[in-house]
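The values are calculated or read from the model by the stated rules, or taken from the named source; none is laboratory data. For clarity, every value in this text was computed on a predicted model and none was experimentally measured. Methodologically, a virtual Cβ is constructed for each residue, glycine included, from the backbone with ideal geometry; neighbour enumeration extends over all protein chains shown.
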Amino acid sequence: MKIFIIHRDKDRHLVKRRFCDLSKGMSIKLDFIFLTNTCNVTWKQKAKNEMQSSELVIVYDINACSNSQNSKWEIDFAKRIEKRIFEIVDYDKDFLKVKQEIEYVYHFQEEFENCFMDESNIFELYKLMIDSSEKLIQRRQSTNTFFITIIGLLLSIAGFLFQSQGADNNTPSILYGFSVIGILLCVAWHNLIDNYGKLNRAKFDVILRLEQRLGSRIYSAEWIALGKGLRPQKYKSFTLTEKRIPIYFSVLIITLTIVLTLFYNPKLICNFWSYVRTLAL
């Protein structure tokens, strides 16, 4: 998340240190923008470019910045391009408010809430989102089945080649090719699971929000009964569990590749132990 910081030049080091400390306590990856030289003739253009690409503009010590001509220009420009501006009066007192504002903007909370202005057809939309979530789960299961089948087939073919051709000179190259393909499939599989998890989580954010307009909130109650995901003994994320499977397959493929490499090149073992003994001496 990119955040443009408006501050006076003489406060730069203090501001950098404070916002660096603030970012350490947050799970969000933050990219704070501090202009290094407002005396340079190109600083206004840099400020325009950086502010236009930022999600939030924070004014450090609004009272002091109001007396700075450069800072006032930056504030006015941020208002002209309609950037969200958060003004800090006293950093120590506003510390928690700064974190809340960053999280609020990061999750697009205001835009999210504006999507629920119309109260008509709430129940129909609720059923639509539940159906969409169930179809996503089915696609997710089909994806897992597809990758397990393909990777298992690659391992079977590699094993068949190893048994049928023995120590043929071309076999190692073929096996290395299968290993690379298998690892690339595992990477793609891992990324798809991660994206499926994020998409399903977003769908349930909408479902839980729609439930606030209904008489009963069954999914909210279920989530509470599971400890809201904060108690592993009650609930562990399916996504985190599923993401381990491609990793296990990758480790298996790499291990088999190493074992077969040593089988075809037994001298490597001797060279390795010779190197270890040399280091020990």
Is it fair to say Phe238 is in contact (Cβ under 8 Å) with a residue 60 or more places away in the chain and of a type outside the set (A, V, I, L, M)?
-> no
Residue among Val89, Val98 that alone is surrounded by 11 or more Cβ atoms within 10 Å (Cβ to Cβ), within 17 Å of Phe32 (Cβ to Cβ) and either in contact with a Gly (Cβ under 7 Å, 6 or more places away or on another chain) or of a type in the set (A, V, I, L, M) (or both) | Val98
Looking only at the stretch 158-171, and only at residues there that are assigned to a helix (DSSP H, G or I) and in contact with a helix residue (DSSP H, G or I) (Cβ under 7 Å, 6 or more places away or on another chain), the one that is modelled with the highest pLDDT | Ala158
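Table: residues versus (1) closer than 13 Å to Lys2 by Cα; (2) in a helix (DSSP H, G or I); (3) in the same structural domain as Leu208 (by TED's automatic domain parsing).
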{"site": "Glu50", "(1), (2), (3)": "yes, yes, no"}
{"site": "Ala64", "(1), (2), (3)": "no, yes, no"}
{"site": "Asp76", "(1), (2), (3)": "no, yes, no"}
{"site": "Phe86", "(1), (2), (3)": "no, no, no"}
{"site": "Val89", "(1), (2), (3)": "no, no, no"}
{"site": "Glu103", "(1), (2), (3)": "yes, yes, no"}
Members of the stretch 1-27 found to be assigned to a loop (DSSP other than H, G, I, E, B) and surrounded by 13 or more Cβ atoms within 10 Å (Cβ to Cβ), listed by number = Met1, His7, Arg8, Met26
